[in-house]
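> The structure follows.
Nothing in this text is a laboratory measurement; each read-out follows from the coordinates by a stated rule. In this text the structure is predicted, and so the values were computed from the model without any measurement. All Cβ positions, glycine included, derive from the backbone under ideal geometry; neighbour counts span all protein chains shown.
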Amino acid sequence: MPLFIVRNDITRMEVDAIVNAANESLLGGGGVDGAIHRAAGPKLLEECRALGGCATGQAKLTGAYRLPAKYVIHTVGPVWRGGGAGERELLTSAYRSSLELALANRCESVAFPLLSAGAYGYPRDQALRVAVDTIAAFVLCQEITVYLVIYDRASYSIGEKLFADIAASIDDQYVERHTDRRWEQSRRALARRLPPDVLWEAESSSPPMAACLPPESLEEALGKLDESFSQMLLRKIDEAGLTDAQCYKKANIDRKLFSKIRSNVWYKPSKPTAMAFAVALELPMGEARELLEKAGYAFSHASRFDIIVEYFIARQNYNIFEINEALFAFDQPLLGG
Ligand code: APR
């Protein structure tokens, strides 16, 4: 099921379980721990006292009391000591133990903060990488929806190099296509030589359009409809040798939405959904464009969202969760959903 990255205060999340970034005593603290205990009320601490603590990388479950969630899963991430003391393994274990505990308690949705990325000093981009990799691997084979909750912009980082690389790509393409300097320069040159009324005609003569053949009857035209989005999607799933479930999970799409698309040959998905399937099917740019066209969309260089997705496809990086990390970093909607 899907993994979403969202901006929020985890104490407001209306999910089955929220995860607390606790310490081994489970007796409260600052950061997320403090916020959860304040919002849940004193009964949470009472229950925690009876748990007898929790080892780093492990997880324990309590009620949520005044919180909108049903449960609180208390887990302990590692303190960052430079990376050589098994921090990555312990952080992975904290996420995985929490997810397994959520599943064991029949939770259908769970929200995580970025474990260890605050007081415990884990470098934020590496903490995000471990979180997304661990959760993504889990949701690809389990039916549970996971939210990674980012409390403040400062605590979110995809890594300076990747961020700068994508920002440069946006600058190159977004500015050029958006202002289209060449067109502006030719317009100005023309304006200097031609009287206004003639200029208008020159301007309005858009690039030479392909001659349109006289349309046959409407019935004939409608009888020649191209393959629909849904038809192309199912064909490409077969060609890729994927099952439906493998495809929609790779697309970060839930089963309900996929079954709507499968059962309606003329279903029109949203642009993020259409792009998510292009990524899940690992389509080269040309076929990705074709799939989008079937849904009535085109890649546009007047859209940062499109440029970022195109950046990853051009580099044959079809990891939808990595793409969503980047989209989130640039305040764009996520793929899938
Ligand atoms: N909702 C969501 N995320 C939050 C919230 C909130 N209300 N408050 C803070 N965060 C974010 C921080 O921005 C950070 O990215 O949670 C992440 C984890 O930060 P910490 O809470 O400091 O947790 P951690 O780094 O794992 O350190 C745990 O801090 O609070 C003590 O008792 C806790 O000793 C333990 C240690």
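> TYR120 passes all but one of (1) in contact with a Gly (Cβ under 6 Å, 6 or more places away or on another chain); (2) in a helix (DSSP H, G or I); which number fails?
Answer for TYR120: the failing condition is (2).
> Please verify whether region 104-120 includes one or more residues that are hydroxyl-bearing (Ser, Thr, Tyr) and within 12 Å of the ligand (Cβ to nearest atom).
Taking every residue of region 104-120 in turn, at least one turns out to be hydroxyl-bearing (Ser, Thr, Tyr) and within 12 Å of the ligand (Cβ to nearest atom).
> Please note which helices (runs of 4 or more DSSP H) are completely contained in region 1-106 and include at least 3 residues that are of a type in the set (S, T, N, Q).
87-104
> Another question, then. Out of all the residues in region 14-36, which are closer than 25 Å to GLY121 by Cβ, more than 8 Å from the ligand (Cβ to nearest atom) and surrounded by 22 or more Cβ atoms within 10 Å (Cβ to Cβ)?
ILE18, VAL19, ASN20, LEU26
> Pairs under 6 Å by beta carbon, first residue over 15 Å from GLN126 (Cα atoms) in region 144-161, partner more than 8 Å from the ligand (Cβ to nearest atom) and part of a strand (DSSP E or B), six or more apart or different chains?
Partner pairs satisfying both residue conditions: THR145/SER109; VAL146/LEU3; VAL146/VAL110; TYR147/PHE4; TYR147/VAL6; TYR147/ALA111; VAL149/VAL6; VAL149/ALA111.
> Out of the residues in region 1-13 that are of a type outside the set (Val, Ile, Thr) and under 24 Å from ALA326 (Cβ atoms), state the one that is nearest to the ligand (Cβ to nearest atom).
Looking at the filtered set, the residue picked out is ASP9.
> Please find, among ASP254, ASP331, ASP244, ASP306, the residue that is more than 30 Å from GLU160 (Cα to Cα), charged (D, E, K, R) and within 18 Å of the chain's Cα centre (by Cα).
Step by step, each of ASP254, ASP331, ASP244, ASP306 is checked, and only ASP254 is more than 30 Å from GLU160 (Cα to Cα), charged (D, E, K, R) and within 18 Å of the chain's Cα centre (by Cα).
> Would you confirm whether any residue within region 47-59 is over 25 Å from THR92 (Cβ atoms) and within 14 Å of the ligand (Cβ to nearest atom)?
no
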